[in-house]
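**Q** I have a structure I would like to understand better, so I am pasting it below and will then ask my questions one at a time.
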Amino acid sequence: MRRLTHLKKLSVMLGAATVMLSAALIASVPAHAEEGITVTNAAELKNAVQNASAPLTINLGGDIFTTTVSAGTDKDITINMNGHRIRTTSMYALVTAGKLTVNGGTVVNEAVQPAGCIQVNSGGTLVLNGTALDGGSMVLDNHGTSTVTDSTITASLYYGVTNQTSGILYLNGSSLISDELMAGISNYGALYFNSGIVKSKGTAIEQIRGSSLILPDGKIDKNGTAGGYHTCTLTDSVITGAVNGGTPIDAESIEDLIRRSKVSAADVTRLEITEGTVTGDDWNYLSTDKDNTGASNPLSQLEVLIIGRTVSQVTDMPADCFWGDRTLTEIKIFGVKGIGDRAFQNCTALETAIFPDLQNMGKDMLEGCTSMQTLGVPSTPPVCENGWIYSSSAPAGLQLQILDSSGIPLSGAALNEARIRYALALENGSDREDGYWFGMDIGEITHTISVTAGEGGKVKAPGKVLRGTDARIQVIPNPGWATASATADGESVSVVNNEYVFRDVKEDHSLTVTFIKVKDTGTSESGNSGNEKPVFGSAKAARTGDDAVLLLWCFLLAASAVVIKKLVRYRV
């Protein structure tokens, strides 16, 4: 009975808790929240927007022709178009100063005068998801913040989008088209071009002074054309770099990087690219009139050019790229695998050129670089298939610096192995093996001489010898011993006057020598007596009967153990 009473009390408590929890959940729902509604005409659409006092979802039940529908700063409206259209002949079909989200469907402006589909006022927010905007001179006029995803904006006059001074515009996988000779986007504010395409018979993106174009995931390719339109598409990745040691800047190209740095191209002395993709267009800009024969050279004072390891891709450097440059003193480029003919010919000020990833070099690549002091190359020798990298002799004092993949000079065994590869590399069609590579001194190369000596003597070797020299090895038998055999690199050889010589060493070698014990007369002893060793702990051999004695001692020890156990058991 007592247990039943407790169960009843527990049931009452659980019931009370359930009631309280239900009340709390009900109280957590805003009392003013409105459910989604469906509208089928302009009056219903305007009335729903005007009277919304909380976030409201409006579902279109059909196409609607309307004058401008305005949402104030206190409105949070979502319009589900359900495949329908909102049409207007007014200045704009939709205007928002608050939050407006449009999902799917089409907004059309059929006015003949300059007009648009949607206007976002300062402070307002617009989100388009898979929506088409069609018609007008400024189809989307953005003064606030707009995010356009998987949508299409088509202008019949002037601009697809005008992103005003206060505007922030995000483009995600969308198409923006202007059918007139103006621009797809006229940008006065901040434009984040994540992905998509902009087409225009005029300028694809018109950048107004003071505006910014941010490319988080790509660069703009301005050269593509489609259907007669000038197009901008998003590909590869944005470059990041710094000018004259300043703050890193994101840009669509090296030319754009310099423009954004607000440093005159003629004043650029140091240019460093740290991220992104360096394209053929970038090389064209860097190499414009680099022979200094005219006034159009944009980077006439460039001294240092660095393209870092973190740059995702570097297009091969074209022929004649820096031909005749008079100011460039240092160049360090990761990622470039090919350099064209005469790329640095007559760059008389160039002192250091570092290419950690280079594979192919052009003919006369360094011809006339009379100030060169250091050429950095990878551990695998690059090739020049159509000649030499210069026609005349290498500049006096030019040092070859062999690098690892991080651009750090090799040292120790790794450097020695790389130098051997360069010594063996084909040079002008012949294997010279003379310690030079395209006329440049490779540096000292050593080879290892390994020796093994058997019992009865020793072998003395230099360990390491310079490439092309002789390695003399001394073979020294112990007193009473003589040389029995010798093998060099696995082949039997003769030791003459206790010496063996590896001539003109061009690789690692090994020598193994065995010795044999001899009598006083100088001849070897018979049998193995000379190699016998005494039995540890005794100078005599075992005698017959010793095994029986050992067994007797073991029996006595066992018997003693039994007696001791009995005594302990009976406490004697």
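**Q** Using θ = phi - 60° and the Karplus relation 6.51 cos²θ - 1.76 cosθ + 1.60, list the HN-Hα couplings for region 417-422 in order, rounded to whole Hz, with x at every Gly or Pro.
**A** Each residue's phi maps through the Karplus curve to give 5, 5, 4, 4, 4, 5 Hz.
**Q** Using a ≥ b ≥ c from the Cα gyration tensor of region 446-531 (square roots of the eigenvalues), is it rounded, prolate or oblate, where a/c under 1.5 gives rounded and otherwise the larger of a/b and b/c decides, a/b for prolate?
**A** It is prolate, given that a/c is not under 1.5 and a/b is the larger ratio.
**Q** Going by amide H atoms built from the backbone, whose H comes under 5 Å of the H on VAL451, apart from near neighbours?
**A** Correct list: LEU511.
**Q** So how far, in whole Å, is the C-alpha centre of region 312-368 from the one of region 152-213?
**A** Using only Cα atoms, the two centres lie 38 Å from each other.
**Q** Would you please give the residues with an amide H less than 5 Å from that of VAL69, counting only those at least 5 places away or on a separate chain, with H modeled from the backbone geometry?
**A** Amide H neighbours of VAL69, under 5 Å, 5+ apart: LEU94, VAL95.
**Q** Which pairs break 18 Å Cα to Cα here: LYS46/LYS99; LYS363/LYS506; LYS458/LYS506; LYS332/LYS363; LYS262/LYS332; LYS458/LYS517?
**A** Among LYS46/LYS99; LYS363/LYS506; LYS458/LYS506; LYS332/LYS363; LYS262/LYS332; LYS458/LYS517, the Cα-Cα distance tops 18 Å for LYS363/LYS506; LYS458/LYS506; LYS332/LYS363; LYS262/LYS332.
**Q** Cut-off is 10 Å between beta-carbons; in what order do MET365, MET182, MET317 appear when sorted fewest neighbours first?
**A** MET182, MET317, MET365
**Q** Also: I'd like the per residue volume of the convex hull spanned by the Cα atoms of region 82-163, given in cubic angstrom.
**A** Residue-normalised Cα hull volume stands at 71 Å³.
**Q** Could you rank the peptides 345-355, 157-167, 437-447, 470-480 by their average count of other C-beta atoms within 10 Å per residue, with the highest value first?
**A** The densest-packed peptide leads the list: 157-167, 345-355, 437-447, 470-480.
**Q** For region 384-479, just say rounded, prolate or oblate: build the C-alpha gyration tensor, square-root its eigenvalues into a ≥ b ≥ c, call rounded for a/c under 1.5, and beyond that prolate if a/b exceeds b/c, oblate if not.
**A** Verdict is prolate for region 384-479.
**Q** Residue by residue through region 80-95, which ³J(HN,Hα) values in whole Hz follow from phi under the Karplus form 6.51 cos²θ - 1.76 cosθ + 1.60 (θ = phi - 60°), with glycine and proline marked x?
**A** Per-residue couplings from phi come out as 8, 6, 6, x, 8, 10, 10, 10, 7, 10, 7, 4, 9, 7, 10, 10 Hz.
**Q** How far apart, in nm, are two points set 7 Å out from the Cα along the Cα-to-Cβ line at ALA396 and at ASP489?
**A** About 3.9 nm, to one decimal.
**Q** Further, regarding this structure: FRET efficiency for ASP267 and ARG472, Cβ-Cβ distance as r, R0 = 60 Å, nearest 0.05?
**A** 0.40
Read the figures in this text as sums done on the coordinates, not as results from a lab. In this text, all values refer to a predicted model and were calculated from it rather than measured experimentally. Ideal geometry is used to build each Cβ from the backbone, glycine not excepted, and the neighbour counts take in all protein chains shown.
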